[in-house]
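Report on the structure given below.
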Amino acid sequence: MMNESTKRDLLRYKKNSTAAILTYCAIIFDCLFFISVYSSDFGSTLINNESKTVVFYQWLIGISVVYNLLFLLAGFLASEGVKNYKVGYSYLLIILGVIQIARIFIIPAIAAYGGAQQMFESGIFSEISLENAKYIESIDRTVPIIDGGKFIYMCCCLLASAAFSIFAGVIAFIKSMTLKSYMAELKKRGSKT
């Protein structure tokens, strides 16, 4: 069994692969969310056996595409940064995780309930009624176009991505600070001799 000093000394020679692997997992779950959103039919919905065209906030989808690209880029950069114990990337991963949680209340909430406010008013995970869908359409809001199962899947993907990202950031921060304090300790010992 290694003592604490040996474990800290080993950090100088080993890469932080745990945080990097967790970051890759966050990226994978973001990709699963990305695929589920863009494989959905956001163009039309069926109300009273009539096909209704739904304009699903086209600018919002565009922003989502750009954000997904930025998330992938930042995630890959952060995975390399945390491997080398760079503490700044741990903050980036935590911020990305928090943003992933916030994203639940944007596209999934709009697609399932017409918006975050309606999601909480009608009750999360409750089935949306036909009358409610007609009302949302009549006030020029987005008509709900995904069912509860798809909504839960999207939320699970974003929550998993957020959890992996935050855990990676916390682990990277702890190991980076441990290595930093050990290096300072070694420097102090070296200057005393």
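Nothing in this text is a laboratory measurement; each read-out follows from the coordinates by a stated rule. Predicted, not measured: the structure shown is a model, and the values here were computed from it. All Cβ positions, even for glycine, are placed from backbone atoms using ideal geometry, and neighbour counts span all protein chains on display.
3J(HN,Hα) along the stretch 11-27: 4, 5, 10, 9, 7, 7, 6, 4, 5, 5, 5, 4, 5, 4, 5, 4, 5 Hz, from the Karplus curve 6.51 cos²θ - 1.76 cosθ + 1.60 with θ = phi - 60°, whole Hz, x for Gly and Pro.
In this calculation the C-beta distance from CYS31 to ASN84 is compared with R0 = 30 Å, giving a FRET efficiency of 0.75. If you take all other residues with their beta carbon under 15 Å from the beta carbon of LEU72, and give Lys and Arg +1 and Asp and Glu -1, the sum is -1. Modelled this way, with points 7 Å down the Cα-to-C-beta line, the labels at LEU73 and VAL170 are 3.0 nm from one another. Beyond 19 Å between alpha-carbons counts as too far, so tell me which of LYS14/LYS188; LYS15/LYS187; LYS86/LYS175; LYS7/LYS175; LYS14/LYS180; LYS83/LYS187 fall in that bin. The answer is LYS14/LYS188; LYS15/LYS187; LYS83/LYS187.
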